[in-house]
Amino acid sequence: MKHQVFVLDDELEVCELITEICELQDFEANYSISSADFRQQLQTHLQIDIIFLDLNMPGKDGIEIIRELADMEYPGHVILMSGFDDSVLSTAGELAAEFGLKILPSIHKPFTIETVFNVLSQFKEQNKNSNKSQIKANNPNTGFSCDNIQRWLENDHVIMHFQPQIEMATNNVIGLEALVRLQDDDGITIYPGDFIPTVEANGLNNLLLSKVVEAVCRDYETHCAFLNYLNISINVSALDLNQLTFPDELYNRIAKSKLKSSQITIEITESKAIDQLRTGLDILARLRLKGFHLSIDDFGTGEAVLGHIRQMPYNELKIDKSFIDHVTSNQRTYSLTKDLINMAQHLGLKIVAEGIEDLDTSNALKDMGCEIAQGYYYAKPMPINQLISWIQNR
């Protein structure tokens, strides 16, 4: 069945153009130039997957429509459009997200055909990637219980995927982020969003970290001829910041392998590190003393203040994908990202931008002074054997 699109815009030409583009992309589209009876119009069609919504509608504006969609618990995606400046689109997008609506990239008028094509393509990609997890979640015979997850961890059903990190000045691979997956009893890959909440809610985070470190060390030792010059980033649960023995335990695990602590960067989400400030300072300082590098992961999304960032002994700042996605389309985001990079440089931190998906974004970040890039534009996360082939081909 084709995906359904509804276009709400008071300009007939815009409605017809977007409808034609949708049909070329194999969507089925309808439109209206009036928002007065929007709710009724929406209910006359089949389930709508995407709504193109012009904010500057007469009678009932786009913000009122956003409220209606939230009241209706609309499950599809929304693409906001406006001829106003980017700040209006940005604020409306934040409001819609706060209401729980699914937001695709906004479109600034006047727009090009390519812009609409790109947004629709992004929807298709998101829909494809979510199908497996949706099927899994909706199947009553497949549940990721605590017992199952613990058994998979204890029986080494742990697989590491590695995403390359690229030095922007040279285009060389200088690091990898280690990303954990599990395999269920049928060999189906389970992604972190489907098991991390259960892990943390049931005190399995230390077991998970132990298995992750074992798997990283094992992959490294098998392929150290190709990896011996690379840094490896490992995500650590904030719950481990409560354990004063954590630095010693991690160091001892690494010391049993060919890896050195100086090759390991510990990524900690900024807001979670702040939650455990006193104990966290103790642990982070001792990690640095043992040679590990520390990264502020997802910077810009939490509740950190500069005073706390100043106190913590980080080496690296990782700019969150929510900034990176809008660097080339939103002037405010561009300016904020540039300021974040300048701040990191003044603090002597390395700067990593994650989630880069196109050349324009990569070039913009490079011009701002970003040092290290990570994202699908360069390479997706991949198993170790595929990674080695990718490195050899480069």
## Note on the structure
Restricting the range 282-327 to residues that are part of a loop (DSSP other than H, G, I, E, B) and of a type in the set (A, V, I, L, M, F, W, C), the one modelled with the highest pLDDT turns out to be Phe292
### Query
Restricting attention to the range 90-109, and to residues there that are modelled with pLDDT under 90 and of a type in the set (S, T, N, Q), which single residue is surrounded by the fewest Cβ atoms within 10 Å (Cβ to Cβ)?
Thr91
### Task
Out of the residues in the range 336-391 that are acidic (Asp, Glu) and over 21 Å from Leu294 (Cβ atoms), state the one that is farthest from the chain's Cα centre (by Cα).
Asp367
## Note on the structure
Residue hits (the range 1-25; among the charged types (D, E, K, R) and more than 32 Å from the chain's Cα centre (by Cα)) are Asp10, Glu11, Glu13, Glu16
### Task
Would you check which residues across the range 50-82 are in a loop (DSSP other than H, G, I, E, B) and under 17 Å from Asp9 (Cα atoms) and list them?
Leu55, Asn56, Met57, Pro58, Gly59, Lys60, Asp61
### Query
Any idea which residue in the range 1-25 is surrounded by the most Cβ atoms within 10 Å (Cβ to Cβ), counting only those that are at pLDDT 90 or above and in a loop (DSSP other than H, G, I, E, B)?
Asp9
### Message
Can you tell me which residue is nearest to the chain's Cα centre (by Cα) among those in the range 46-63 that are exposed (fewer than 14 other Cβ atoms within 10 Å of the Cβ) and closer than 24 Å to Phe123 by Cα?
### Response
Gln47
### Query
Do the conditions hold for Pro75, that is, is it more than 20 Å from Ile18 (Cβ to Cβ) and either of a type outside the set (S, T, N, Q) or in contact (Cβ under 8 Å) with a residue 12 or more places away in the chain (or both)?
yes
### Query
So which pairs qualify, if the first residue must be in the range 220-231 and on the phi < 0 side of the Ramachandran plot and at pLDDT below 90, the second must be surrounded by fewer than 17 Cβ atoms within 10 Å (Cβ to Cβ) and among the basic types (Lys, Arg), the Cβ gap must be under 9 Å, and the two must be at least 6 apart or on different chains?
Asn228/Lys258
### Task
Considering each residue of the range 333-370, count those that are surrounded by fewer than 21 Cβ atoms within 10 Å (Cβ to Cβ) and part of a loop (DSSP other than H, G, I, E, B), and give that number.
6
### Residues of the range 371-394 satisfying the condition of being part of a helix (DSSP H, G or I) and among the polar types (S, T, N, Q)
Asn385, Gln386, Ser389, Gln392, Asn393
### Message
Checking the condition modelled with pLDDT of 90 or more and not basic (Lys, Arg), which residue from Ser121, Ser130, Ser87, Ser82 passes?
### Response
Ser82
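The values are calculated or read from the model by the stated rules, or taken from the named source; none is laboratory data. In this text, all values refer to a predicted model and were calculated from it rather than measured experimentally. Cβ: placed from backbone, ideal geometry, glycine included. Neighbour counts: every protein chain shown.
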